[in-house]
Amino acid sequence: MSVATVHLVRHGEVFNPGGVLYGRLPHFGLSEKGHAMARMVADHFAQRAAEGHRVVRLAASPLQRAQETAAPIAEALGLDVIEEPRVIEAFSRLEGLDKIAVRLRNPKRWPLLRNPLRPSWGEPYADQVTRVAGAVKDHREAALAEAGDGAEVVIVSHQLPIWVTRVASEGRSLGLNAFRRECTLASVTSFTFTDGRLSALNYTEPAASLLPGTVNIPGA
């Protein structure tokens with residue numbers, strides 16, 4: 001019997017004074033509070049290591065906010081950050097806009113809303129699940145090959161890809177649940193696999209004390 005755990009970490013608060021839906025746009029890094037959140041997540045995993053958990057692999061989306069969140073985790077655990085494009089933010093045709101609710105009142109954008117269950121304005125939820133689940137599987141198997149039973153992996157990603165991957169793993173409808181996201185800034189969604197099958201799912205918020213007053217505009 002082999003057991004491995006993959007922790008999907010959402011990045012910390014982004015510096016975004018214009019309130020832009022930043023999506024995959026470059027140059028959106030963490031705010032001062034976001035960096036503090038990242039350090040708290042690093043402390044969370046350092047504590048796990050001190051308790052005997054073997055976190056042996058660290059990967060992150062190529063976007064700046066994810067890389068900056070991964071940096072203190074790498075330092076705390078003595079790991080290199082593997083750039084993993086499969087866990088990047090979802091593509092959205094609304095990317096780069098501010099005041100989204102106001103913008104969507106414009107009739108020229110109404111076709112983007114024709115099918116929210118897919119969604120019609122961006123990357124299908126099912127496609128996000130496919131790529132993130134593939135990354136989870138590959139890094140889990142690599143960690144088991146490197147470190148054996150009990151190996152753990154941290155992957156820093158983004159809210160929507162993490163959430164729909166969780167929803168899919170629980171057998172729930174992607175479209176109906178895509179907006180009910182239990183995936184706050186700097187949260188950790190942990191998937192434990194036994195012999196390759198999901199056996200447990202846990203969620204925690206290491207930076208919960210910093211969440212009040214945060215700017216939390218989804219990337220997609």
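Using just the alpha carbons, could you tell me how many Å³ per residue the convex hull of the chain encloses? Don't skip to the answer; put the middle values down first.
Numbers: hull volume 24.0 nm³, N = 220.
About 109 Å³ per residue, rounded to a whole number.
If you keep only loop residues by DSSP, which trypsin sites (Lys or Arg not before Pro) in the stretch 94-168 have at most 16 other Cβ atoms within 10 Å of their Cβ?
Numbers: sites: K99, R103, R105, K108, R109, R114, R131, K137, R140, R166; in loops: K99, R105, R114.
Counting only loop positions with at most 16 other Cβ atoms within 10 Å, the trypsin sites (Lys or Arg not before Pro) in the stretch 94-168 are K99, R105, R114.
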Original post:
Once you sort the root eigenvalues of the Cα gyration tensor of the stretch 173-220 as a ≥ b ≥ c, which label holds: rounded (a/c under 1.5), prolate (a/b larger than b/c) or oblate (the other case)?
Top reply: oblate
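Tell me what the chain gives for mean residue ellipticity at 222 nm when only DSSP H runs of n ≥ 4 count, each as -39,500 (n - 2.57), the sum divided by the residue total, rounded to 500 deg cm²/dmol. Don't jump to the answer; show the numbers that get you there.
On the way: 6 runs with 75 residues, N = 220.
Mean residue ellipticity, 222 nm, calculated: -10500 deg cm²/dmol.
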Subject >> Local electrostatic count, I162, Cβ distance below 9 Å [Lys/Arg +1, Asp/Glu -1] >> reply: +3
Original post:
Tell me, what % of the accessible area of the stretch 42-131 is carbon and sulfur with a 1.4 angstrom probe?
Top reply: 52
**OP:** Pop the C-beta distance of T184 and S2 into the FRET formula with R0 = 25 Å and round what comes out to the nearest 0.05.
**Re:** 0.20
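Please state, as a whole number in µm²/s, the translational diffusion coefficient that the Stokes-Einstein equation yields for the stretch 73-193 at 20 °C and 1.002 mPa s, with Rh defined as the Kirkwood radius across alpha carbon pairs. Each step should come with its number before you reach the end.
Details: Rh = 16.2 Å.
Calculated translational D: 132 µm²/s.
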Original post:
In the full protein assembly as shown, how much of R39 is accessible to a 1.4 Å probe, in Å² to the nearest 10?
Top reply: 130
**OP:** Counting only heavy atoms of the protein chains, get the accessible area per residue of the chain (1.4 Å probe) and round it to a whole Å² value.
**Re:** 45
Original post:
Looking only at Cα atoms, what is the convex hull volume of the stretch 46-98 per residue, in Å³?
Top reply: 99
Subject >> Listed residues S157, S209, S190, most fluctuating in the chain (Gaussian network, C-alpha, under 10 Å) >> reply: S209
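Which whole-number percentage describes the relative contact order of the stretch 1-153, with Cα contacts under 8 Å and a sequence gap of 6 or more?
On the way: 237 pairs, mean separation 48.7, N = 153.
The normalised contact order for the stretch 1-153 reaches 32 percent.
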Original post:
Which distance in nm do the two modelled labels at N106 and A200 give, with both placed 7 Å along the Cα-to-Cβ direction?
Top reply: 5.0
**OP:** Would you list which lysines come within 26 Å of K33, measuring only between C-alpha atoms, while excluding same-chain residues fewer than 8 positions from it?
**Re:** K99
Original post:
What is the diffusion coefficient of the stretch 139-204 in µm²/s, taking the Kirkwood radius over Cα pairs and the Stokes-Einstein relation at 25 °C with a viscosity of 0.890 mPa s?
Top reply: 189
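The values are calculated or read from the model by the stated rules, or taken from the named source; none is laboratory data. Remember, it's a predicted structure, so these values are computed and weren't measured experimentally. Because the Cβ atoms are built from the backbone with ideal geometry, glycine has one as well, and the counts that use them run over all protein chains shown. Surface accessibility is based on the protein's heavy atoms, side chains included, excluding ligands, DNA and RNA. Shrake-Rupley method; radii C 1.70, N 1.55, O 1.52, S 1.80 Å.
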